Amino acid sequence: MTVHRTEGRPDHYPVLIAGGGPSGLAVAIELGRAGVRCCVLEPRQSVVTDRPRAKTTSARTMELFRRWGLADRVRAAAPLPVSYAQDVVFCTGLTGREITRFRNAFALHTERRDEFAECGQQIPQPVIEAVLREAVAELSSVEFLAGYRLLAAEDGARGVRAQVAGPDGRTRTLTADYLVGCDGASGVSRAAIGARYAGSSGQLPNLNITFTAPGLSERDLCARAVHYWVLGKEAGGIVGRMDLDGTWWAIAQGVDATTGTVDPAALVRQLIGADLEAHVQATDPWSARMLLVDHYRGERVFLVGDAAHLNPPWGGHGYNTCVGDAVNLAWKLVAVVQGWAGPALLDSYEPERRPVAERTIADAAAQESRLAHAFAHADLGADTPTGAARRTAVTRELEAKRGEFHSLGLVLGYHYADSPIVVDDGSAVPAHEPLTYHGSARPGTRLPHRWLPDGTSLYDHLGPGFTLLRLDGTADTTPFLTAAAERGIPLTVLDLPHLPDAASYGAPLLLVRPEQHIAWRGPDATDGGAVIDAARGAVVDTVRGAAHVLSAEAT
């Protein structure tokens, strides 16, 4: 890893990032692409590859990777291409009987879809981290310190004082204007602001197993799947490929590895459903945790990702929520460091992101009562009328798990309608529907996606800062351009008068934030003169956190 040296005060940074997992790397990329000097402290000198950890990258996260120009790099690095499999299969064992399946789980599609710019991708977290580390190494304003960890931090009104330990154990003091705590559940950033987790844990222990099974061939499998949910009576859980070279991962549900009597290889054979040779590479015991901190920030310290919330893995939302946190906070830090933000901009981070984490945890936690053991029966695999009837009944029962695999409403439909930096236009706030995404252009929502006639995505044409989307070529954008220029705000005007289904956006002008959420929408204002100039200036001040929240009538 190339470490970029910094100029000026070598021990002071505008932004210090504690933790170089997906959250910290995402913050660093967002800052680095804007030229904001920052430093990442990452205790691990290298990424461990035999423990896949998170495996599901959502369509929304892939859209954010596309925004950075990294989506294709992520897919090229993924050891399991989307074309291999898109379905989750429920079965009695990998070599047993298929019971039912959920098609195109986790937004896995081989063809282009209208709802999003990128489909989902199954990829182990260590591979994601490797790609993001490479991207960070290409950014001259980012310093990545491998082998360094945050020991303690003192938060203050004017900045942060951090005690840091290096690979040799020696400590040093770093200062920063802001500290972003991406140091996870065991980090110290929460202590720096007195934040505490609250919530619960799953009732059953689980055991992650990474293994190879040389005798397991494609022809032995009951179906081709991205995940296999095994509803075995003796052992139940989830199995999936890590790659196409023979490495697999498994989650044995309800297994307490602390008893000392657990045989991981025997568990693997039970999940496969055959007495095959299995070589265990790594194991990790864990329990699902549903935890959320009481507050996300101090004065100059912010919590991101697992430092702020711990999500159960069901549905694969945890790491994706972390990346969403990172991008939301980081573009706001860019604005503050570059000098065009108001004080309410950073204040908006918690009210925007904490409700997203709360809803996501609740939706994922609902699956805790629907794990493999809840559907297991002795005769489930029997080639008898009783077995057939049981499989039919279980198929009906498994419909309760649909939301775990089809959750576009949760992934794409979250919004910031109540945010202090979003201008309310008086329209209805979209209802929370986790399974189904209904595109809305109401301020606070993600800008509904469209493919353009030339095959590019609408998102490909948004600017790096704010974008004023003009759907009526006669609409006057001068008041916005003037207001933005006076305040030093990066603003791109995007003319798309022939955008497909433009009327569904509800207005000829939409002001879009850097991370593709709508901040304001409204009508043309060519005849308003000084009054409209002032109104547009008030809109710009609101969305940059420098004014009181405006009502629909005021704009």
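The values are calculated or read from the model by the stated rules, or taken from the named source; none is laboratory data. No experiment lies behind these values; they were computed from the predicted model shown. Positions of Cβ are backbone-derived with ideal geometry, glycine not excepted, and every protein chain shown enters the neighbour counts.
From the list GLU299, GLU350, pick out the single residue that is touching an Asp or Glu at 6+ places or on another chain (Cβ under 9 Å), surrounded by fewer than 19 Cβ atoms within 10 Å (Cβ to Cβ) and touching a residue at least 40 places away in the same chain (Cβ under 8 Å).
One residue alone meets the criteria, GLU299.
To keep it simple, each residue is scored yes or no on (1) within 19 Å of the chain's Cα centre (by Cα); (2) in a helix (DSSP H, G or I); (3) more than 20 Å from PRO434 (Cα to Cα).
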| residue | (1), (2), (3) |
| --- | --- |
| PRO313 | yes, no, no |
| GLY316 | yes, no, no |
| TYR319 | yes, yes, no |
| TRP331 | yes, yes, yes |
| TRP340 | no, no, yes |
| GLU350 | yes, yes, yes |
| ARG354 | yes, yes, no |
| ILE361 | yes, yes, no |
| ALA366 | no, yes, no |
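Do the conditions hold for SER419, that is, is it closer than 24 Å to GLY237 by Cα, at pLDDT 95 or above and surrounded by 15 or more Cβ atoms within 10 Å (Cβ to Cβ)? Answer is no for this residue. Restricting attention to the range 463-496, the residues being without any contact (Cβ under 8 Å) to a residue 60 or more places away in the chain and either assigned to a strand (DSSP E or B) or within 21 Å of the chain's Cα centre (by Cα) (or both) number 10.
Quick check: is even one residue across the range 240-248 modelled with pLDDT of 95 or more and farther than 30 Å from ALA77 by Cβ? No. Output yes when any residue across the range 242-249 is in a loop (DSSP other than H, G, I, E, B) and β-branched (Val, Ile, Thr), and no when none is. No, the conditions are met nowhere in the range 242-249.
Listed by position, the strands (runs of 3 or more DSSP E) enclosed by the range 109-191 that each have at least 3 residues that are over 23 Å from ASP294 (Cβ atoms) and in contact (Cβ under 8 Å) with a residue 24 or more places away in the chain are 142-146, 171-181. Report, by residue number, each residue of the range 368-410 that is out of contact with any helix residue (DSSP H, G or I) (no Cβ under 6 Å at 6 or more places or on another chain), in contact (Cβ under 8 Å) with a residue 24 or more places away in the chain, surrounded by 14 or more Cβ atoms within 10 Å (Cβ to Cβ) and farther than 25 Å from ASN104 by Cβ. Once the filter is applied, which keeps residues that are out of contact with any helix residue (DSSP H, G or I) (no Cβ under 6 Å at 6 or more places or on another chain), in contact (Cβ under 8 Å) with a residue 24 or more places away in the chain, surrounded by 14 or more Cβ atoms within 10 Å (Cβ to Cβ) and farther than 25 Å from ASN104 by Cβ, the range 368-410 yields HIS373, ALA376, GLY381.
Cβ-Cβ under 7 Å, sequence separation 6+ or interchain: first residue in the range 35-54 and surrounded by 17 or more Cβ atoms within 10 Å (Cβ to Cβ), partner hydrophobic (A, V, I, L, M, F, W, C) and in a loop (DSSP other than H, G, I, E, B). Which pairs? Matching pairs, first to second residue: PRO52/MET242.
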